[in-house]
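One structure is given here, and the rest of the page talks about it.
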Amino acid sequence: VAENPYLYFARVTQLWRRAQQQSAGPRIHPSAVVDPDAHIDPSAQIGPLCVVERGARIGAQTVLKSRVTVSEDCVVGERCILHPGVVIGADGFGFAKDGERWEKIEQLGAVRIGNDVEIGANTCIDRGALSDTVIEDGVKLDNLIQIAHNVRVGDHTVMAAQVGVSGSTLIGRHVQIGGQAGLIGHLAVADGTMIAGSTNVIEDTQPRSIQKGYVATPHLEFKRIQAVTQRLPELKRKVTDLEARLAALEQGAGAKEGRTP
Amino acid sequence: VAENPYLYFARVTQLWRRAQQQSAGPRIHPSAVVDPDAHIDPSAQIGPLCVVERGARIGAQTVLKSRVTVSEDCVVGERCILHPGVVIGADGFGFAKDGERWEKIEQLGAVRIGNDVEIGANTCIDRGALSDTVIEDGVKLDNLIQIAHNVRVGDHTVMAAQVGVSGSTLIGRHVQIGGQAGLIGHLAVADGTMIAGSTNVIEDTQPRSIQKGYVATPHLEFKRIQAVTQRLPELKRKVTDLEARLAALEQGAGAKEGRTP
Amino acid sequence: VAENPYLYFARVTQLWRRAQQQSAGPRIHPSAVVDPDAHIDPSAQIGPLCVVERGARIGAQTVLKSRVTVSEDCVVGERCILHPGVVIGADGFGFAKDGERWEKIEQLGAVRIGNDVEIGANTCIDRGALSDTVIEDGVKLDNLIQIAHNVRVGDHTVMAAQVGVSGSTLIGRHVQIGGQAGLIGHLAVADGTMIAGSTNVIEDTQPRSIQKGYVATPHLEFKRIQAVTQRLPELKRKVTDLEARLAALEQGAGAKEGRTP
């Protein structure tokens, strides 16, 4: 028997996939637009209708499925998988106010992606303003995720679909983030933090803490608040009851003393 | 007079559109990348820069607008419309832990889409892990929606933009889901459920129930809680007032009995 | 010294970018699919694998990066930047009920975008049902945003990533909207409104108001409610304490009067 049946299952699916695999097709699909000054490892595969711009680097055995963009000077490591519609290195969202107008801050950094990273369909990772946006080794990102400029995501962190990470937030290693969660900018998310789906994280987190709620609060405190919130109608009834009983009592006391309260 | 004026209006727009329609262009745009082992019905239209992979099937009168990907072995029924940027059949998000690392679970299922389905721009529907992800007849999905692996969406269900449905959740027929709502995995959403925008559904739902709130609760209970929540500052004032009045009363009672409380 | 250092910084990044810029490449990349009846200004640039459909207009000095779709009859003004994966003019989400089925309402309007607009990667702006969806001058939209049919966005308004705006909502000038915020349909958002990230706006807003919370409420009221919500466990303890003290008091009063309460 396998010690870790889920891992054993993963290995079986990989064997099955390899047995089924037909010829891999051309290394660079003829419909892809690859700049002559991009560096594609001879063992990498660039799928149909991808764009790889000047100065970009694609590592060994990395696969870009169809319709992926890797912009100028961005680097993708080895054994990565980028699913259809992924955009690496669009401009970060940066503007300075000039009276009524917004003036563009040119985004002069790039994106650097480590090894063994998988990135889901239509996910976007923006280039940095001055330095780079960084995704470290073994990170797994689901579909439709937004990673803003100058974010750093630590080794083996995973994010479910539609998560949004704002600019300059630093995410540690082995962090897990549920779907549709949102992280404001300039945060430090500690190693091993677990963030529940749809949670809004607005403060730095402690290592291995569990974050949960509309405004993220540590898990235990959230459960206490949540428990009371669910009983608010009961609480209100109690207070109304208290008021009536007190009024009666006060009236009684006033009457005994021969005066109106 | 029309019995159902909105439906009458829909029919008029269709007439207008048909009257305006110029020649439809080529059946398969020359810029599209269609695998020789894909099956395209002769009455289907494949727009510019689409990708249809090996073993995929596109049904009669279905239209893929520009830049759509339909991956290996995925099936799209008849009279469907897939808008630009749609990704059908990217890998579901599945990994097993191997010590510090995440090991990929190959996604061996596909996506099956029924007839008369419309799918909005940049929406993603992932392939299943072992069996297929299924979208039944008449389903309408708006833009930027995430449908995870092994989800099933029942006949004539509609979802507004940016909804996220996690893995293996089963959604019934005639369900309506508002924008940005999120459904956790392995749920059963009953026929006719209505889920308000931005609601997080974390429990199975009853047929024709209305779900609403940061954590979804049945509509009436939500309204009761919501009503109290809005009056929390008033509730707190009342309690403070009660405390003062009680303290006075207790002091009075103590004084009468010749002792300090 | 600069009066506005941030603006000064923006200008320096622009100088740097211009100094670095190599030759711009072809005006219309040969891989782009541009309809002969589209109107492209001679100074505009259309990147690799873009689609510009019949009747669309692209203004002077506007840049479409890679893999952008501008659909039939949609208009983009001057000096705009559209990042990879943007979809302008997919059909708005409109259906009329016909018994069990949904009948499509053809979307006969288009999208009109002003000058100096920037639109982030994979963002979608749908065409209007009868009249147009309108984005005015100087608007800046981040990645993965949904703008539904017949929305109007006023001059110099900015939205962070993953915001969703439902149909027919009118957004004023100089509005700022944080990431993942959601606006229901048919709203009027006044000039200068600030909407915090992840906020759900379900009512019209006042000029220069600050909106915040799961259900958006004016900022000050939200802070009051939020403050009490955080102290709910304490409030509940107080009420329980009150009940005990009152019961003792009532019992004492009853005993004095020679009866059980």
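A compact table of results
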| item | result |
| --- | --- |
| Criterion violated by residue B:204 - all others in (1) in contact with a Leu (Cβ under 8 Å, 6 or more places away or on another chain); (2) modelled with pLDDT under 80 satisfied | (2) |
| Residue within the range C:10-29 that is part of a loop (DSSP other than H, G, I, E, B), at pLDDT 90 or above and over 18 Å from residue C:112 (Cβ atoms) present | yes |
| Failed item in (1) under 30 Å from residue C:11 (Cβ atoms); (2) buried (at least 21 other Cβ atoms within 10 Å of the Cβ); (3) polar (S, T, N, Q); (4) more than 7 Å from chain C (Cβ to nearest Cβ), with residue A:66 passing the rest | (1) |
| All positions within the range C:38-63 that are open to solvent by 30 Å² or more (accessible area, probe 1.4 Å) and within 9 Å of another protein chain (Cβ to nearest Cβ) | C:53, C:54 |
| Residues being open to solvent by 10 Å² or more (accessible area, probe 1.4 Å) and either among the aromatic types (Phe, Trp, Tyr) or at the interface with another protein chain (Cβ under 9 Å from one of its Cβ atoms) (or both) - total across the range A:189-218 | 7 |
| Number of the exception - residue B:18 against (1) at the interface with chain C (Cβ under 10 Å from one of its Cβ atoms); (2) under 19 Å from residue A:121 (Cβ atoms); (3) open to solvent by 70 Å² or more (accessible area, probe 1.4 Å) | (2) |
| Search result, residues across the range B:113-137 that are surrounded by fewer than 23 Cβ atoms within 10 Å (Cβ to Cβ), over 30 Å from residue A:4 (Cα atoms) and out of contact with any Gly (no Cβ under 7 Å at 6 or more places or on another chain) | B:118 |
| Of the criteria (1) within 10 Å of another protein chain (Cβ to nearest Cβ); (2) part of a helix (DSSP H, G or I); (3) crowded, with 17+ Cβ neighbours inside 10 Å, which one residue A:221 fails | (3) |
| Selection within the range C:159-188 - open to solvent by less than 20 Å² (accessible area, probe 1.4 Å) and either at pLDDT below 95 or not in a loop (DSSP other than H, G, I, E, B) (or both) | C:159, C:164, C:165, C:171, C:177, C:182, C:183 |
| Residues that are at the interface with another protein chain (Cβ under 8 Å from one of its Cβ atoms) and over 12 Å from residue B:193 (Cβ atoms), drawn from the range B:159-179 | B:160, B:161, B:162, B:164, B:166, B:179 |
| Residue count for the range A:76-109, restricted to those that are within 13 Å of chain C (Cβ to nearest Cβ) and open to solvent by 10 Å² or more (accessible area, probe 1.4 Å) | 13 |
| Residue check, residue C:142 within 26 Å of residue A:145 (Cα to Cα) and either crowded, with 24+ Cβ neighbours inside 10 Å or touching a residue at least 12 places away in the same chain (Cβ under 8 Å) (or both) | yes |
| Pair list, Cβ < 7 Å and 6+ apart or interchain, from the range B:214-225 residues that are on the phi < 0 side of the Ramachandran plot to residues that are in a loop (DSSP other than H, G, I, E, B) and open to solvent by less than 70 Å² (accessible area, probe 1.4 Å) | B:214/A:214; B:214/C:214; B:216/B:199; B:218/B:209; B:222/B:213 |
| Options A:242, A:232: the member that is at pLDDT below 85, farther than 26 Å from residue A:160 by Cβ and over 33 Å from the mean Cα position of the chain (by Cα) | A:232 |
| Count of the range C:149-158 residues which are open to solvent by less than 10 Å² (accessible area, probe 1.4 Å) and either farther than 22 Å from residue C:73 by Cβ or in contact (Cβ under 8 Å) with a residue 40 or more places away in the chain (or both) | 2 |
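The values are calculated or read from the model by the stated rules, or taken from the named source; none is laboratory data. This is a predicted model, so every value here is computed, not measured. As a convention, Cβ positions derive from the backbone with ideal geometry for all residues, glycine included, and neighbour counts pool all protein chains shown. Please note that ligands, DNA and RNA were not included when accessible areas were found on the heavy atoms of the full protein model with its side chains. Shrake-Rupley method; radii C 1.70, N 1.55, O 1.52, S 1.80 Å.
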